[in-house]
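Worksheet: the structure to be examined is printed underneath.
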Amino acid sequence: MAQGAASLRRALGLRRARGAVLVASLLLGAAGTGASTAVNRPAPAAPCTVAGRSARCALLEVPEDRAAPQGRTLPIRVVVLPATDAAERLDDPLVVLEGGPGASVIAALPMHAATFAGLQRRRDLLFVEQRGTGESGALDCGLEAMALQSEQAAAECRERLAGSHDLRFYGTHHAVLDLTDAFEALGYKRVNVFGVSYGTRTALELVRRRPEGVRTVALLGTYPPGRNGVLDAPRILDRTLALLVEACAADASCHQAYPRLAESIESLDRRLGTGELDVSRLEVASALRLMLFYPIGVSQAPRVLTSAAAGDLAPLRAISAGIGVAFAGITGGAFLSLLCSEDVARLDRSQLERASRGTLLGPAWGDQLIGTCGPWPSAEVPGDFHAPLEIAVPLLSLTGELDPSMPPSWGAELAAALPGALHATIPEAPHGLLGMRGVACVVGMIESFVESGTVRGLDVSCLDEIRRPPFSAP
């Protein structure tokens with residue numbers, strides 16, 4: 001491993017000075033052939049740019065199956081955005097991990113680079129594309145993640161990928177091994193980690209396996225070990241709807257326009273149960289859940305729910321379809337490989353029935369996924385993957401108050417069990433923050449945390465000033 005890492009550093013033009021890894025001024029690219037762990041025999045360096053930004057690029061070629069290092073290999077894309085102040089540069093980069101599951105972090109690089117421009121002054125920003133996504137051995141069968149949640153579509157996807165991929169080797173812990181190879185190859189001994197949504201699961205698995213190499217962990221929308229987003233989805237959605245009702249009642253304009261919002265939700269639930277609406281419970285509840293992922297959907301929710309209860313589902317379908325565009329970049333096969341092996345494999349229908357009884361979503365989504373995932377090859381999952389963490393790495397967890405997939409209680413539960421950890425809830429926020437007013441506060445908190453390396457004394461008071469867009473009029 002050390003020899004392969006050294007050869008990659010030479011190809012990338014990296015050299016050591018004052019204990020730090022300095023990146024040469026050229027834009028670089030490298031590729032290699034398969035090795036048991038990291039890159040071996042990298043190709044000559046070549047210039048590259050990413051989204052118009054000066055960067056250092058490489059391809060790490062890693063075994064698909066690490067127990068068979070001479071078998072099929074995967075090219076893992078790596079992009080480094082160098083610190084902008086070379087004189088002040090520190091040698092602990094910020095590693096960004098994207099959500100999904102199945103989204104490419106490099107596709108999201110422009111957004112993350114803009115968000116963390118302040119941290120980039122003294123630290124490199126590091127993006128390692130997760131295997132199975134983007135251009136890193138993508139599990140792309142021509143269908144988006146949302147279209148794959150049926151048995152027939154999943155079977156067709158599986159058959160299409162079978163000749164080029166072994167779907168047993170695309171789990172989170174496989175991605176973590178790729179990450180650690182990239183760190184070693186680039187000479188980073190310690191890193192700071194930022195994970196969003198599903199990327200928080202990757203971040204926590206990384207710190208479980210490599211705590212000595214992680215300086216800080218910042219999470220936005222926390223998915224802790226032991227929790228199951230499929231099993232808990234019905235209760236979490238009901239919780240978000242209850243909070244929505246409270247928020248509308250406390251807002252004079254919303255309350256005036258929709259004084260019976262709670263009754264509308266109850267009516268919608270009842271009409272779905274009696275079959276009065278020519279639509280499935282799964283379609284309606286899934287569309288609602290999707291709509292509530294982003295602030296624009298939350299602001300429209302009272303109007304849409306009222307219309308749906310009256311039998312007009314067009315607004316719900318239109319808004320959820322528009323928001324669903326944000327999920328179009330998720331690689332379908334990667335989505336299924338991760339969800340099926342790490343969440344659905346732990347479920348049975350009796351569990352779902354008990355956990356979802358009396359909820360708007362019911363067991364429908366979990367039932368569908370059990371059928372979809374049944375024939376999908378399950379990725380290897382370490383025995384302690386879902387066990388509680390025992391780490392002392394400084395950790396900051398942030399979750400939106402209205403998050404319909406990963407509630408604040410998950411982050412609070414994680415932080416309460418770890419020394420040096422802090423959880424804070426973002427008022428009025430759902431899962432995504434695009435469209436919230438005052439989110440610069442969140443970025444500032446993460447910057448302060450990374451700079452100081454501790455949650456002690458971290459000022460979270462600005463969170464109280466964050467606001468969602470106003471509720472829409474009828």
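What is the angle, in °, between the Cα long axis of helix 198-209 and the longest principal axis of the Cα atoms in the chain? Nearest 10 is fine, range 0 to 90.
50 degrees
Could you compute the net charge surrounding Leu282? Neighbours are other residues with a C-beta less than 11 Å from the C-beta of Leu282; K and R count +1, D and E count -1. All intermediate terms of the calculation are to be shown ahead of the outcome.
Details: positive: Arg281, Arg289; negative: Glu283, Asp367.
Neighbour charge sum, excluding Leu282 itself: 0.
The chain: D in µm²/s via Stokes-Einstein (Kirkwood Rh, Cα pairs, 10 °C, 1.306 mPa s)? All intermediate terms of the calculation are to be shown ahead of the outcome.
Numbers: Rh = 23.2 Å.
Value of D from the Cα-based Kirkwood radius: 69 µm²/s.
By how many nm would the segment from Ala117 to Asp278 grow when fully extended, if each residue of separation counts as 0.36 nm and the alpha-carbon distance is taken off?
53.0 nm is the gain from fully extending Ala117 to Asp278.
Given labels modelled 7 Å from the Cα in the Cβ direction, how far is it in nm from Arg270 to Ser253?
Modelled inter-label distance: 3.1 nm.
Expected output is a single nm value to one decimal: the length gained when fully extending between Ala162 and Val325, i.e. 0.36 nm times separation in residues minus the C-alpha distance. What is it? Show your work: numbers first, answer last.
Working: separation 163, 0.36 × 163 = 58.68 nm, distance 2.76 nm.
Extra length from Ala162 to Val325 when fully extended: 55.9 nm.
Please give the peptides 233-239, 138-144 ranked by average Cβ packing (other Cβ atoms within 10 Å per residue), highest first, as a rough proxy for protection. Before the final figure, lay out the partial values.
Values: 233-239: 20.9, 138-144: 18.6.
Final packing ranking: 233-239, 138-144.
Quick one: if the Förster radius is 56 Å, what FRET efficiency do Ala440 and Gln70 give, using the C-beta to C-beta distance and rounding to 0.05? It would help to have the intermediate numbers written out before the result.
Values: r = 50 Å, r/R0 = 0.90.
That pair, Ala440 with Gln70, gives E of 0.65.
Applying the Karplus parametrisation 6.51 cos²θ - 1.76 cosθ + 1.60 with θ = phi - 60° to the phi angles of region 214-227, what ³J(HN,Hα) value in whole Hz is obtained for each residue in order, glycine and proline being reported as x?
Ordered by residue, 3J(HN,Hα) equals 10, 7, 9, 10, 10, 10, 10, x, 8, 10, x, x, x, 8 Hz.
In the neighborhood of Pro110, defined by Cβ-to-Cβ distances under 14 Å, what is the net charge if each Lys or Arg adds +1 and each Asp or Glu adds -1?
Numbers: positive: Arg53; negative: Glu98.
With Lys, Arg at +1 and Asp, Glu at -1, the net is 0.
Using the alpha-carbon atoms, what tilt in degrees (0 to 90, nearest 10) does helix 364-373 show relative to the longest principal axis of the chain?
Rounded to the nearest ten degrees, it is 40.
Per 0.36 nm of contour for each residue apart, how much would the distance between Glu451 and His386 grow if the chain were fully extended, relative to their Cα-Cα spacing? Spell out each step's value before the answer.
Numbers: separation 65, 0.36 × 65 = 23.40 nm, distance 3.02 nm.
Here the answer is 20.4 nm.
What percent does the relative contact order of the chain come to when contacts are Cα pairs within less than 8 Å and at least six residues apart? Don't jump to the answer; show the numbers that get you there.
Values: 1001 pairs, mean separation 76.4, N = 474.
Relative contact order here is 16 percent.
Suppose every K and R has +1 on its Cβ and every D and E has -1 on its Cβ; what is the size of the dipole of the chain about the Cα centre, in Debye to the nearest 20? Provide the component values of the computation, followed by the final result.
Working: 44 positive and 50 negative charges, 266 e Å.
The calculated dipole for the chain is roughly 1280 debye.
Give the relative contact order (percent, whole number) for region 200-290; include only Cα pairs under 8 Å separated by 6+ residues. Working shown, then result.
Details: 29 pairs, mean separation 16.2, N = 91.
Normalised by residue count, the contact order of region 200-290 is 18 percent.
What Cys residues in the chain are without a partner cysteine, judged by a Cβ distance under 4.7 Å?
If one checks each Cβ against the other cysteines of the chain, every cysteine finds a neighbour under 4.7 Å.
Taking the Cα centre as origin and putting +1 on Lys and Arg beta-carbons and -1 on Asp and Glu beta-carbons, what dipole magnitude results for region 215-276, to the nearest 20 debye? Mind showing how you got there, number by number?
Working: 7 positive and 8 negative charges, 68 e Å.
Its charge dipole is roughly 320 debye.
Output the 0 to 90 degree angle, nearest 10, between the alpha-carbon long axis of helix 261-274 and the longest principal axis computed from the alpha carbons of the chain.
Computed tilt is about 90 degrees.
Among 428-434, 388-394, how do they line up by average Cβ neighbours within 10 Å per residue, starting with the highest? Spell out each step's value before the answer.
Working: 428-434: 22.0, 388-394: 16.4.
For the peptides 428-434, 388-394, the packing ranking is 428-434, 388-394.
Would you mind counting up the charge near Leu60? Only other residues with Cβ under 9 Å from its Cβ, with Lys and Arg at +1 and Asp and Glu at -1. Walk me through the intermediate numbers first.
Numbers: positive: Arg77; negative: Glu61, Asp178, Asp181.
Here the count lands on -2.
Within region 97-124, name every residue whose backbone N is under 15 Å away from a label modeled 7 Å from Cα of Thr49 along the Cβ vector.
What the label zone holds, given the 15 Å backbone N cut-off, is 110.
Using the basic label-point model (7 angstrom from Cα toward the beta carbon), what is the Ser461 to Gln351 distance in nanometres?
A separation of 4.5 nm, rounded to one decimal place.
Every read-out reported here was derived from the displayed coordinates using simple, explicitly stated rules and does not represent laboratory data. All figures in this text were calculated on a predicted structure; none of them were measured in a lab. Positions of Cβ are backbone-derived with ideal geometry, glycine not excepted, and every protein chain shown enters the neighbour counts.
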